[in-house]
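To start, the structure under review is shown below, and the notes come after it.
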Amino acid sequence: MTTIAATMRFILIDKIIEIEPGKRIKAVKGVTLAEEYLADHFPTFPVLPGVLLLEGLIESASWLVRVTENFAHSMVLLEEARNVKYKSFLAPGAQIEYSVEAKTIEENVSSFSGTGVSNGEQIVEARFGLRHFNLAEQDSGLAAVDAKIISEMKKRWELLKK
């Protein structure tokens, strides 16, 4: 089971195009027919699933938190999502631009509003909150895991911001 879960990792941000630490971020994602979830999500009408549109906003906000806090936490996870509205479909060949504004970024929690736009059309919008922490806060034996995750996130950041 762990092997399957490890192979089902979706990365929903291709590039960070703008960031103002503590305030806002813009990121893009190009949808290709090679995305593995499209095989099961309406095979005759492939579209990016709504939950993954929301995940693109969450990933964008997660990068804003990491950069703002200088990668202080290994875990940046969704706490709650509110007022999520899906307004259209996103098919292979399309690109979506996520714009996320921080309402607050505090030590362990943050809140945001965001939109996803493709070809001038709003596809998704939401308000949501994130929780950020280190695994070692609950189990000091996990400090090395925190360090490894943070190191990997820093490497991914270098790729995303180019």
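The values are calculated or read from the model by the stated rules, or taken from the named source; none is laboratory data. None of the values given here were measured: they were computed from a predicted structure. Every residue, glycine as well, gets a Cβ built from its backbone with ideal geometry; the counts of neighbours run over all protein chains shown.
So A143 fits all but one of (1) crowded, with 16+ Cβ neighbours inside 10 Å; (2) in contact with a helix residue (DSSP H, G or I) (Cβ under 7 Å, 6 or more places away or on another chain); (3) of a type outside the set (D, E); what number is the exception?
So A143 meets the others, but not (1).
So is I96 closer than 19 Å to I150 by Cα, touching a residue at least 24 places away in the same chain (Cβ under 8 Å), surrounded by 15 or more Cβ atoms within 10 Å (Cβ to Cβ) and not aromatic (F, W, Y) or not? I'd like the intermediate steps shown before the answer.
Details: closer than 19 Å to I150 by Cα: no; touching a residue at least 24 places away in the same chain (Cβ under 8 Å): yes; surrounded by 15 or more Cβ atoms within 10 Å (Cβ to Cβ): yes; not aromatic (F, W, Y): yes.
The answer is no for I96.
Taking the conditions exactly as written (among the polar types (S, T, N, Q), over 14 Å from L54 (Cα atoms) and touching an Asp or Glu at 6+ places or on another chain (Cβ under 9 Å)), does S110 satisfy them or not? Let's see the steps before the verdict.
Values: among the polar types (S, T, N, Q): yes; over 14 Å from L54 (Cα atoms): yes; touching an Asp or Glu at 6+ places or on another chain (Cβ under 9 Å): yes.
For S110, the condition - among the polar types (S, T, N, Q), over 14 Å from L54 (Cα atoms) and touching an Asp or Glu at 6+ places or on another chain (Cβ under 9 Å) - is met.
How many residues does the stretch 45-69 contain that are more than 13 Å from S110 (Cα to Cα) and part of a loop (DSSP other than H, G, I, E, B)?
5
In the stretch 106-139, how many residues are small (G, A, S) and touching a residue at least 24 places away in the same chain (Cβ under 8 Å)? First the steps, then the outcome.
Of the stretch 106-139, the ones small (G, A, S) are 110-111, 113-114, 116, 118, 120, 126, 129, 136.
Filter once more, keeping what is touching a residue at least 24 places away in the same chain (Cβ under 8 Å): 110, 114, 116, 118, 126, 129.
Residues that pass the stated criteria total 6.
Give the stretch 43-60 a look and list any residue that's more than 15 Å from I96 (Cα to Cα) and crowded, with 17+ Cβ neighbours inside 10 Å, or say none.
Within the stretch 43-60, the first condition is being more than 15 Å from I96 (Cα to Cα), and the residues that meet it are 43-46.
Correct list: P46 only.
Could you say which residue among E107, E125, E80, E55 is within 12 Å of the chain's Cα centre (by Cα) and either on the phi > 0 side of the Ramachandran plot or charged (D, E, K, R) (or both)?
Values: E107 fails: within 12 Å of the chain's Cα centre (by Cα); E125 fails: within 12 Å of the chain's Cα centre (by Cα); E80 fails: within 12 Å of the chain's Cα centre (by Cα).
That would be E55, the only listed residue that is within 12 Å of the chain's Cα centre (by Cα) and either on the phi > 0 side of the Ramachandran plot or charged (D, E, K, R) (or both).
Quick check: anything in the stretch 70-87 under 17 Å from D14 (Cβ atoms) and either in contact (Cβ under 8 Å) with a residue 24 or more places away in the chain or in contact with a strand residue (DSSP E or B) (Cβ under 6 Å, 6 or more places away or on another chain) (or both)?
Quick first cut of the stretch 70-87, residues under 17 Å from D14 (Cβ atoms) only: none.
Checked against the condition, which is being under 17 Å from D14 (Cβ atoms) and either in contact (Cβ under 8 Å) with a residue 24 or more places away in the chain or in contact with a strand residue (DSSP E or B) (Cβ under 6 Å, 6 or more places away or on another chain) (or both), the stretch 70-87 yields no hits at all.
Restricting to the stretch 99-139, count the residues that are of a type in the set (K, R) and crowded, with 21+ Cβ neighbours inside 10 Å. So that I can check it myself, show each step before the final result.
Restricting attention to the stretch 99-139, the residues satisfying the condition of being of a type in the set (K, R) are 103, 127, 131.
If we keep only those that are crowded, with 21+ Cβ neighbours inside 10 Å as well, we get none.
Final tally of qualifying residues: 0.
Collect the residues in the stretch 70-87 that are part of a loop (DSSP other than H, G, I, E, B) and more than 19 Å from K26 (Cβ to Cβ), keeping them in residue-number order.
Of the stretch 70-87, the ones part of a loop (DSSP other than H, G, I, E, B) are 70-74, 87.
Matches in the stretch 70-87: N70, F71, A72, H73, S74.
What pairs come up if the first residue lies in the stretch 140-159 and is closer than 18 Å to K15 by Cβ, the second is at pLDDT 95 or above and of a type in the set (F, W, Y), and their beta carbons are under 6 Å apart, counting only those six or more places apart or on different chains?
K154/F71
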